[in-house]
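The values are calculated or read from the model by the stated rules, or taken from the named source; none is laboratory data. Here the structure is a predicted model, which means the values were calculated and not measured. Here the Cβ positions follow ideal geometry from the backbone for every residue, glycine too, while neighbour counts run over all protein chains shown.
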Amino acid sequence: MSSSGESIDGGASRSVLLSVITQYWLPIVIAATLGWLAKNRFNNGLNRYPGPLLASITDWWRFWDVLGQRPEVTHQKLHAKHGDVVRLGPNSLSFADPKALKTIYGLNKGFVKSDFYVVQQSVVKGHSLASLFSTTDNDFHSQFRRCINAAFSMSALVQYEPFVDNTTKLFLDQTERLFANNIDGCDFTKWLQFYAFDVIGEITYSKRHGFIEKNEDIDGIVGYLSKLFLYVAPVGQIPFLDRLLLKNPIYLKLSQWGFIDSTFPVARFARTRMAERLGPGYLQDPKGPLLPVADAKVDTKSPDLLSKFLAAREARPDFMSDTLVQTMAVSMAFAGSETTAISLGSVFYYLLRNPAALTSLREELDDFARRGEFSDYETGLVTWGESQKLPYLDACIKEAFRMHPAAGLPLERIVPPQGAEIAGHFVKGGTIVGCSAWIIHRRPEIWGEDVEAYRPERWLVDAKAAAGSVGRVEQEKKIREMNGMMFQFGMGSRTCIGKNISLLEIYKVVPSLLRRFEIRFKDPNEEWQLVNAWFVKQQNFQAMFEPRQMVRPEGHDAEKKAAAAAHA
Ligand code: HEM
């Protein structure tokens, strides 16, 4: 056949196809959509798991649910209805059985973080920066973590305590100055967030950001972070959307060429703090590294986090670049402020809602004070060492962590290619799986039938029962098991690196505030409102503060003890 004949045939078949498409476009679109939905429904054999029908065919279901800002409630209801495994998306399963934790988050199991975390990467000069928190590359992560692990060890914690002391003393004084006997009350969540931000600033840069001094959101960073989390939570359910929105390639390119500035304010914020700290030794050459380069002569002896990150850069220059140093600094504010403030807020909220627990805690603190065991009777500041001798305080904090974990979504991981057996279910490689602390922390077989009640006593050996049928050894075993199942800091290789720092803050500031103030709800009839934007933030938590007469040592021996402790 001639070539002109071919082109005539080709032209004819194209026009037939075109006319079929124009005539039948609607049924074609419907058939393609149905085919796609059916493919989703049977994806990876997940059709055998229960869950909302819509969730099984499209991720828009979970996008919509997270947009509603209470997905943890949906997840609780779904698990109550369907059992231990619930399908939340065409490729996504939520596990409620605590046995799943060891498999999904255990060391060397090969699970990697899902693209939900990529959405959380900061953008600087048009480039996405994978941080310790947001990287999905396990090898990169383990090298990174090895480089900076020492900065977060228990022994490093001792060096950070003076930083926490500075900020906590100021916090106590400012609470008195701004809110004591103030009939307008205090937006407690915001105030605690200012505290958490200033502590992390001081530990990272030896310099407070100034939130507490000014009682103001410096550079709008707190407001910015809240908005960012409101974005990442739903968009993280369909990570592709991020490529159309904040990480749109055109937008990023324009930013790389310098036409617009797409740098996340939190990164800009950290850069300003570094510039203040490092002086003129940082580069602003637009062709230079993404982030300012620290002066090589910078003192790495100061015991703050930044110095430790810089020391890691000196020890491992092949890996720990300047960009990674600053990524760590940014992460501290990103991961360490809202989470700590939420946890602090829930400790106070549950104490105020449960007067019996608050009374017991006050009695413990007052007895400790009367015995002269505190070292500071001027400012009310409690040391870390002292806080560790207060078992009821420990129980109150753990119970608040249980009731209200900061992270409000399943911590998503992708099953390795060969698939995995998770809590008795074989799940194919590539499936997104996860557990949520809001589900795990309410398992009756671990915490008892009264999981919905705030009951710090569950964390303590009951002396009466120990003498009776449920022996001490048995109770201690149960408490150990409860501790092992707490999931508020995650688990395994990606567990929270800032856990010790946040515990240092929480175990110091809670008893210190209670020694100094009577605290109550502004209106006990008003409930707080929860907004789950990845972290479950409280709103409308208004508190009133009244100065409290500090309880002093009683008797000669107690006074001597207190004087010795203060001297030490
Ligand atoms: C009560 C306060 C805190 C809570 C509830 C909390 C919670 C968490 C959780 C659940 C994870 C694991 C996320 C996952 O597996 O998907 C995590 C990781 C992380 N947290 Fe925290 N966090 C807190 C405080 C802090 C603080 C104060 C810092 C910084 C000083 C911090 C820095 C980080 C970092 C860098 C990671 C990533 C660790 C890695 O992947 O190796 N967090 N946190």
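Here are a few things to note about the model shown:
- For segment 419-428, the criterion of being exposed (fewer than 13 other Cβ atoms within 10 Å of the Cβ), more than 16 Å from the ligand (Cβ to nearest atom), touching a residue at least 60 places away in the same chain (Cβ under 8 Å) and more than 16 Å from Ala96 (Cβ to Cβ) is met by at least one residue.
- Within the set Ile200, Ile212, Ile218, the sole residue that is at pLDDT below 95, touching a Phe, Trp or Tyr at 6+ places or on another chain (Cβ under 8 Å), more than 30 Å from Pro417 (Cβ to Cβ) and not charged (D, E, K, R) turns out to be Ile218.
The rows are residues; the columns are (1) at pLDDT 90 or above; (2) part of a helix (DSSP H, G or I).
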{"position": "Val123", "(1), (2)": "no, no"}
{"position": "Phe133", "(1), (2)": "yes, no"}
{"position": "Arg145", "(1), (2)": "yes, yes"}
{"position": "Ala150", "(1), (2)": "yes, yes"}
{"position": "Ser155", "(1), (2)": "no, yes"}
{"position": "Gln159", "(1), (2)": "yes, yes"}
{"position": "Val164", "(1), (2)": "yes, yes"}
{"position": "Lys169", "(1), (2)": "yes, yes"}
{"position": "Leu172", "(1), (2)": "yes, yes"}
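- If you filter segment 509-528 down to residues that are of a type outside the set (A, V, I, L, M), touching a strand residue (DSSP E or B) at 6+ places or on another chain (Cβ under 9 Å) and outside any helix (DSSP H, G or I), you find that the one that is farthest from the ligand (Cβ to nearest atom) is Asp523.
- Verdict on Ser114 being within 16 Å of the ligand (Cβ to nearest atom), among the hydroxyl-bearing types (Ser, Thr, Tyr), within 29 Å of Glu445 (Cβ to Cβ) and in contact (Cβ under 8 Å) with a residue 12 or more places away in the chain: yes
- None of Glu399, Glu364, Glu378 is closer than 30 Å to Glu554 by Cα and part of a helix (DSSP H, G or I) except Glu364.
- With respect to (1) surrounded by 18 or more Cβ atoms within 10 Å (Cβ to Cβ); (2) touching a residue at least 24 places away in the same chain (Cβ under 8 Å); (3) under 20 Å from the mean Cα position of the chain (by Cα), the lone exception for Leu514 is condition (3).
- Among the residues of segment 465-494, the ones that are without any contact (Cβ under 8 Å) to a residue 60 or more places away in the chain and within 15 Å of the ligand (Cβ to nearest atom) come to 1 in all.
- Unique residue being under 29 Å from Ala150 (Cα atoms), of a type in the set (A, V, I, L, M, F, W, C), part of a loop (DSSP other than H, G, I, E, B) and within 16 Å of the ligand (Cβ to nearest atom) when the list is Phe309, Phe334, Phe319: Phe319
- Residue check, Ala357 part of a helix (DSSP H, G or I), in contact (Cβ under 8 Å) with a residue 12 or more places away in the chain and more than 15 Å from the ligand (Cβ to nearest atom): yes
- Hits in segment 529-568 (condition: assigned to a loop (DSSP other than H, G, I, E, B) and among the basic types (Lys, Arg)): Arg548, Arg552
- No other residue among Ile506, Ile501 is within 24 Å of the chain's Cα centre (by Cα), within 22 Å of Arg145 (Cα to Cα) and either of a type in the set (Val, Ile, Thr) or assigned to a loop (DSSP other than H, G, I, E, B) (or both) apart from Ile501.
- Residue check for Ala543: in contact with a Phe, Trp or Tyr (Cβ under 8 Å, 6 or more places away or on another chain) and among the small types (Gly, Ala, Ser): yes
- Answer from Glu399, Glu452, Glu386 - the residue that is under 28 Å from the mean Cα position of the chain (by Cα), among the acidic types (Asp, Glu), within 30 Å of Lys508 (Cβ to Cβ) and crowded, with 23+ Cβ neighbours inside 10 Å: Glu399
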